[in-house]
Amino acid sequence: MNEKNILGLNLSFLSGKQTLSLFIFLSVLILILIIAFSNGSFDFSFISLLKGETTHIERTIFFEIRIPRVILACLVGSSLAISGACLQGLFRNPLADPGLIGVSAGAALGASIIIVFGSTIFSKFVLSTFLLPIAACIGSGVVIFLLFLLTKGFGHQGVTYMLLVGIAINAIASVGIGILTFISTDSELRGLTFWTMGSFGGITWPLLLPAIFIIIIAFFFLSPVLRDLDILQLGESEAKSLGIDVQKLKYRVIFTSAATVGASVALSGMIGFVGLVVPHLVRLIAGVNHSYVIIGSALLGSSLMVIADLLARTLIQPAELPVGLITSAIGSPFFLWLIFRINKA
Amino acid sequence: MSIYSEKISLKYNDKSILEDINIEIKKGMILSILGPNGAGKSSLLNILSGDIESNIGNVFYDNTDIKNISIQERAFIRSVMSQNQPIVFDFSVRDIVEMGWLDKGNIKYSNNINNAIIGVLNDCEIAHLEKRKFNTLSGGEQRRVHFARSLIQLWRESGNKDSRYLMLDEPTSNLDLSHQIKLMNMLKKLANNGVGILLILHDLNLAFNFSDYIAIIKNGKLFAYDKPLNIINKNILEDVFELTFNVDIIDNKINVNYI
């Protein structure tokens, strides 16, 4: 095996079919990005923009509204898909999804605390745009760690046990958010409500950049241990006997999942099922090793979310559907199918 | 050259699991651990492999305390096959066996990976399963795949003199009779090539006929630890398993029957 390293990723574990699939995912993503850039409620030609034949307003709409929004959709899609793949690998559970097991709810609680208490205290800091995503990351990190302690104490409990714990954690988090809603002032309540509805509208570059920063760091933190994550599937003791520092591996994966879920929830609220559906689709196409699954999930998750957002903002123009509605409409039947499949096996 | 333990004891919630165990896996020898369920056999294997730490006592790999050997270095010295857990994703048989290939720090062997894997797959008679999904295999076939993975982990070029040890927890469970014997013969061959082998077994005939040493554990204590024939002569099986045994020895072949 030759060492093929690109950006810290060891690509020598990819099969020919997987390399081809990744190439196709990338091409599809580029195609979808072009479509998304040239469509929206404000109609103008993408070609004329490239030629420079557009007005000042059109350029502003394109660079300050449409591009950030599409990039946001990309980021949220890829980070939810990556975190889903990570959590499924870490817990060796095909039903792990940041929404289902309460990780997104933890992030939402973290972000809500900042929205309600933080605005008055911290708004004077330069790095205040980092505050919301970091609080959300801490929230999701606490939940993953908690899940980890709870499921470890009971051994490997089969796939359903974790979902039950997830239901409980979701309930606890919604109690927290409920209390925050109750004690918040009118303007804080407005912020909280808009944010929990989960929308890609109203995104600006200053809000987007911290998230990009966090997600890129998380990805490179994860990339050296993708092979180890494969070996972890044999079981923790087995991985340890194969020379893997399982404890360190877990912390890396927990950090990455927490950071990606936190950053995306902070930006767009809770969007369900992407983390569940995308990694499984990727696995069905060309295999289960994590070097392929993680990169594939990032690419396919971006494509899917950009399409979902495109549908959300164009289906009932000039009004807009919540994007979470569209992902749930696609994802929930898939979830049912997956349960039946696992039950049969 | 050996892996040995020095007075190890293990407690779990004040319940004593293992008490004061001294045991040695010698290079080129097969040591089988026997004993009733819950006697502490697997715990002992996990301590010797470095998976868990004992409360008291130490484990040494070739005279170095295991605490001074990194997890990565240990993987080059010994491989372990435990009682396996389910694998949720659809890895192929080849994928699973390749996981035993320690590519970090093993670059000089990298060119041999294909030959080594094909050789081991053939030895374990699973070459025809190479492309199959692991999850679709029968229990016995899965066992053989894991065995192949633990062999690949210890693979070396011929002539290499590294100390290597194999620790197998019930390797014959789920195997048909012919594969049980084939597996034991392979272990015998590995031992002749200098590999030290630790087995946990329930089949007394396999244990007594293929092992160089037998250790019997009961209630966390080392009840007997000797060569197979000496253990038979001491007539202690009945005390351990609380059954009546009938033992025949013909041409050094030991045949144990329960009555």
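Before moving on, here are some points about what is shown:
- Sorted largest first by accessible area at a 1.4 angstrom probe radius, with every protein chain in place, the residues A:290, B:179, B:202 fall in the order B:202, B:179, A:290.
- Rounded if a/c under 1.5, otherwise prolate or oblate - chain A, Cα gyration tensor axes: oblate
- For the protein assembly as shown, convex hull volume per residue from C-alpha positions, Å³: 182 Å³
- Rg in Å to one decimal, and Dmax rounded to a whole Å, for segment B:169-259 via C-alpha atoms: 13.4, 38
- Dipole in debye (nearest 20) - the protein assembly as shown, about Cα centre, beta carbon charges: Lys, Arg +1; Asp, Glu -1: 600 debye
- Residue-level accessible surface for residue B:155, protein heavy atoms, 1.4 Å, Å²: 60 Å²
- Rounded accessible area per residue of segment A:71-344, 1.4 Å, Å²: 39 Å²
- Per residue, segment B:2-229 exposes 43 Å² of accessible surface when a 1.4 Å probe is rolled over the protein heavy atoms with every protein chain present.
- Residues losing 10 Å² or more accessible surface upon assembly, segment A:231-275, compared with the chain by itself, 1.4 Å: A:231, A:233, A:234, A:237, A:238, A:240, A:241, A:242, A:243, A:245
- Inter-chain Cβ neighbour count for B:143-155, averaged per residue, equals 1 (cutoff 10 Å, partner chain atoms only).
- Per-residue SASA remark: residue B:98, around 40 Å² accessible (1.4 Å probe; ligands, DNA and RNA not included).
- Taking all protein chains as they are arranged and a probe of 1.4 Å, the heavy atoms of residue A:248 leave approximately 130 Å² accessible to solvent.
- When chains B and A come together, the accessible area they lose, probed at 1.4 Å and totalled over both chains, is close to 2400 Å².
- Between the residues A:305, A:203, A:161, the greatest Cα displacement towards the positive end of the dipole of chain A, with unit charges on the Cβ of Lys, Arg, Asp and Glu, is found for A:161.
- Cβ-placed point charges (K, R +1; D, E -1), dipole of chain B about Cα centre in debye, nearest 20: 500 debye
- Label positions at residue A:15 and residue A:63, each projected 7 Å from the Cα along the C-beta direction, are separated by 4.7 nm.
- If you take the alpha carbon atoms of chain B and fit the smallest convex hull around them, that volume is 142 Å³ per residue.
- Of the accessible area of chain A, computed with a 1.4 Å probe over protein heavy atoms only, carbon and sulfur atoms account for 73 percent.
- Solvent-accessible surface ranking, highest first, for B:133, B:189 at 1.4 angstrom: B:189, B:133
- Rounded percent of accessible protein surface that carbon and sulfur make up, segment B:2-229, 1.4 Å probe: 47 percent
The values are calculated or read from the model by the stated rules, or taken from the named source; none is laboratory data. Nothing here was measured: the structure is a model prediction, and the numbers come from that model. Methodologically, a virtual Cβ is constructed for each residue, glycine included, from the backbone with ideal geometry; neighbour enumeration extends over all protein chains shown. The accessibility values were calculated without ligands, DNA or RNA, using every heavy atom of the protein model including side chains. Shrake-Rupley method; radii C 1.70, N 1.55, O 1.52, S 1.80 Å.
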